[in-house]
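For reference, the structure discussed in these notes is given below.
The values are calculated or read from the model by the stated rules, or taken from the named source; none is laboratory data. On a predicted model such as this, the values are computed, not experimentally measured, just so you know. Note that each Cβ is placed from the backbone with ideal geometry, even for glycine, and that neighbours are counted across all protein chains shown.
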Amino acid sequence: MQNTTIIDASAAGTWQLGDLTVNRMGFGAMRLTGTAAFDQGTPRDRETSIRVLRRAVELGVNHIDTASFYFSWLRSANELINSALNPYREDLVVVTKVGPGRGPDGTWYLATPEQLRGQVEENLRQLGRDHLDVVNLRRQPSMTSIAEHFGALAELREAGLIRHLGVSNVSTAHLAEAQAIAPVVCVQNKFHLDGGADDAVLRACGEQGIAFVPFYAIAGPRREGGVAAAPAEEQAVTAVAAAHGATPAQVRLAWTLQHGPHVLAIPGTGDPAHLAENVAAASLSLTPEDLTLLGTLA
């Protein structure tokens, strides 16, 4: 395992989200709400989650990804962030997302364009902010066009509630549709070794200077759903990890970051030890041979 005592998030370099500079190694807040996503599993100890957030900032993380719909029956990611980090450091960028929503009972719904203001204001209240640094529109499969929803967010940006806009779960066509309405500073899409590399959007973001922010970078959807990875995948990742004295999770993060200087990582955890390991991956450099081997999986 890599030495995690002196490595911080700045080791992977920085990127711009509009006029905001962030370290490429960030933090995802979803797992702070429980041992599994959303309302499944046992809620984590609240003080441990707060300690993880504060430690992340101490380790140089200045990009935190969250959403008002990240809550379990006892924990809210936004409330934890507010409690742990407010008053916020000037260099800390909190990115949230809207589109999907959850009622108090956890029931999911897709917001109409008119409902997006309420979702933005909910994030503002929960985070204790007077504006949101970045808001991503999370596209749902039923949305063939994102123009109306993104246009509603662009109006909120003009009103001063939002500083910058992003999109999530989109194709290159959706990205072009959004860019025609207002500047896009980041794209959050599925991207991982487990057969989920979206190269077209990755390339488009690089060409346009847009941050590409993968989700499922460590786990992949199979592990996220509790299913083991394919044996060949595990063997390859384990072999590369052993060669570098690293963990498989660190290899997955390093593989992600080495796809371009515009690629950011937002691994999430509620465990302080895993947090330090994830951040330490910012300094892990894979060889061309490593990338060739791992590339056959993606």
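If you go through segment 55-108 and keep only what is over 17 Å from the mean Cα position of the chain (by Cα) and closer than 17 Å to residue 45 by Cβ, you end up with 55, 72, 73, 74, 75, 79, 83, 84. Count of segment 262-291 residues, restricted to those that are farther than 28 Å from residue 76 by Cβ and more than 16 Å from the chain's Cα centre (by Cα), is 10. Residues in segment 119-143 that are outside any loop (DSSP other than H, G, I, E, B) and either of a type in the set (Lys, Arg) or exposed (fewer than 14 other Cβ atoms within 10 Å of the Cβ) (or both): 125, 138. For segment 260-269, the set of residues classified as at pLDDT 95 or above and on the phi < 0 side of the Ramachandran plot consists of 261, 262, 263, 264, 265, 266, 267, listed by residue number.
Reported count of residues in segment 47-105, each being part of a loop (DSSP other than H, G, I, E, B), in contact with a strand residue (DSSP E or B) (Cβ under 8 Å, 6 or more places away or on another chain), surrounded by fewer than 23 Cβ atoms within 10 Å (Cβ to Cβ) and small (Gly, Ala, Ser), is 2. For the structure I just gave you, tell me whether residue 111 is small (Gly, Ala, Ser), crowded, with 19+ Cβ neighbours inside 10 Å and within 19 Å of the chain's Cα centre (by Cα). No; evaluated as a whole, the condition is false for this residue. The set of residues in segment 270-298 being outside any helix (DSSP H, G or I) and closer than 19 Å to residue 239 by Cα consists of 284, 285, 286, 287, 296, 297, 298. Being modelled with pLDDT of 95 or more, touching a His at 6+ places or on another chain (Cβ under 9 Å), closer than 19 Å to residue 163 by Cα and not small (Gly, Ala, Ser) is a property that residue 127 lacks. Residues considered: 133, 105, 45. Of these, the only one that is of a type in the set (Asp, Glu) and at pLDDT 95 or above is 133. For residue 91, the test of being in contact (Cβ under 8 Å) with a residue 40 or more places away in the chain, of a type in the set (D, E, K, R) and out of contact with any Gly (no Cβ under 9 Å at 6 or more places or on another chain) is passed.
When residues in segment 156-192 are screened for being surrounded by fewer than 17 Cβ atoms within 10 Å (Cβ to Cβ) and on the phi > 0 side of the Ramachandran plot, 1 of them pass. Number of residues in segment 230-248 that are loosely packed, with under 14 Cβ neighbours inside 10 Å, free of Cβ contacts under 8 Å to residues at least 40 places away in the same chain and not hydrophobic (A, V, I, L, M, F, W, C) equals 4.
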